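See below for the structure under consideration.
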Amino acid sequence: MEDLKIEELDLYELLEIEIDSSITDIKKAYRKKALQCHPDKNPDDPNASRKFHELSKVLEVLSDVAARAAYDKVLKGKKEAALRHKQLDSKRRKLKEELESRERQGLDKKNADQLLKEEIERLRKEGSRLVEEEIEYVKCQLRKEQSVEPEQWESSKFRIKIKWEASKYDAENGGYNQDMLNRFLSKYGDIQVLVMSPKKKGSALVEFKEEKSARMALDLETGLSSNPLKLEWINRPPKYSRTASSLIKDSDYESVTLTKLRQAEERKRLIEQMMAEDADT
């Protein structure tokens, strides 16, 4: 609190509350402001820690009965003086300022300021259990926000269809095979399933383990310059869907054996789907 001049601030205005607000209103306003300016939410703001620290000092004064009473007395005096100053005309203002200068040396003003300083010093020495509890509350809320489980990317719902030029009797299939497609696509991330159409030339389907990999492949991959690839969603995912972290491995959710069985079953379904589509065309 040493670097924060409480007597020069309007603490109620800072918290956006009224001067007669209850302690419940004060705590609620503090929590809202503290969550907004917490350093964890503002990593690019070099002043975030200072702002958060100052908020705790504001709460410390307003949550203590004696300190708040002393502060209110000083604040009231300042507001009354400001009102009187505003009401004076220009001819009397100079005289008023001279009188106020002498008043600052008066006993009443000195006592009010001194009382507030004493209360602030007492709070500094004693600390405030309520403030500590409120800071812990804010930290707890931040931890809850940060620990929200991200939605899992379901690759089978958002497959990508791959097309390229290839005639029906082209033994080279337009210059592409399974290994070549895998090399082109795997640089964007792990592939869940990659299947070339067993009947129709120039066609394949791919599923990526992560959404970001699928989006990158769709945006960037063109394949051979002599025979470009065309990638398109079968079902377009939401524009801002969230994905699980790439640090989370499949082994965290199921055994490697189950994963392989699931992939084999998915490959089988994918081939059946492609053959059905080829039959329709």
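Values quoted throughout were computed directly from the atomic coordinates according to the rules given, and no laboratory measurement underlies them. Only a predicted model underlies this, so the values are computations on that prediction, with no experimental measurement involved. Here Cβ is always computed from backbone atoms with ideal geometry, including for glycine, and neighbour counts include all displayed protein chains.
A few remarks follow.
- Across q = 0.29 Å⁻¹, the stretch 26-88 modelled as identical point scatterers on its alpha-carbon atoms has Debye log10 I(q)/I(0) values of -1.09, in the order of the q list.
- Fewest neighbouring Cβ atoms within 10 Å first, the residues SER128, SER21, SER167 line up as SER167, SER21, SER128.
- Annotation: peptides 219-225, 132-138, 159-165, ranked by per-residue average of other Cβ atoms within 10 Å with the highest first, follow the order 159-165, 132-138, 219-225.
- Cα gyration tensor shape for the stretch 6-146, rounded if a/c is under 1.5, else prolate or oblate: prolate
- For the residue pairs LYS117/LYS139; LYS199/LYS230; LYS163/LYS212; LYS33/LYS79, alpha carbon separations beyond 27 Å are given by LYS117/LYS139.
- Using distinct alpha-carbon pairs, which all enter the 1/r mean, Kirkwood radius of the stretch 142-233 in Å: 14.3 Å
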